[in-house]
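Each remark here refers to the structure printed beneath this line.
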């Protein structure tokens, strides 16, 4: 049980970090685009270079999140491999609940 809560805590932390990084990137990109409205020539080139750098940083951040999430993906695959019938039962139960909820809507 402790392993499960540790994995959930790590997943939550990774999700929060990724969201924070993307939020920061969006804000900085919007600022750069607003600043670029009146720029031409060399100033515009400088701004484009800054934007490229921010996008490169975002790409690296996504790669970092992917590498941090990989152990959780592998743990899930291992669990599914060791407990295939439990996985099928949980999936079927989830599908049944979703089907009932969707059926009630109509």
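The values are calculated or read from the model by the stated rules, or taken from the named source; none is laboratory data. Being a predicted model, the structure only gives us computed values, none of them experimental. Please note: Cβ atoms are built from the backbone with ideal geometry, for glycine as well, and neighbour counts cover all protein chains shown.
Computed quantities for the displayed model
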| quantity | calculated |
| --- | --- |
| Residue pairs meeting the criteria (Cβ under 9 Å; at least 6 apart or on separate chains; first more than 13 Å from residue 10 (Cα to Cα), in the stretch 62-73; second assigned to a helix (DSSP H, G or I)) | 62/18; 62/21; 62/22; 64/17; 64/18; 64/21 |
| Candidates 62, 88, filtered to the one that is at pLDDT below 80, under 26 Å from residue 6 (Cα atoms) and either assigned to a helix (DSSP H, G or I) or in contact with a strand residue (DSSP E or B) (Cβ under 8 Å, 6 or more places away or on another chain) (or both) | 62 |
| Of the criteria (1) under 30 Å from residue 9 (Cα atoms); (2) surrounded by fewer than 13 Cβ atoms within 10 Å (Cβ to Cβ), which one residue 25 fails | (2) |
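So that you can scan it fast, the table gives a plain yes or no per residue for (1) more than 25 Å from residue 18 (Cα to Cα); (2) surrounded by fewer than 12 Cβ atoms within 10 Å (Cβ to Cβ):
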| site | (1), (2) |
| --- | --- |
| 73 | no, yes |
| 80 | yes, no |
| 90 | yes, yes |
| 105 | yes, yes |
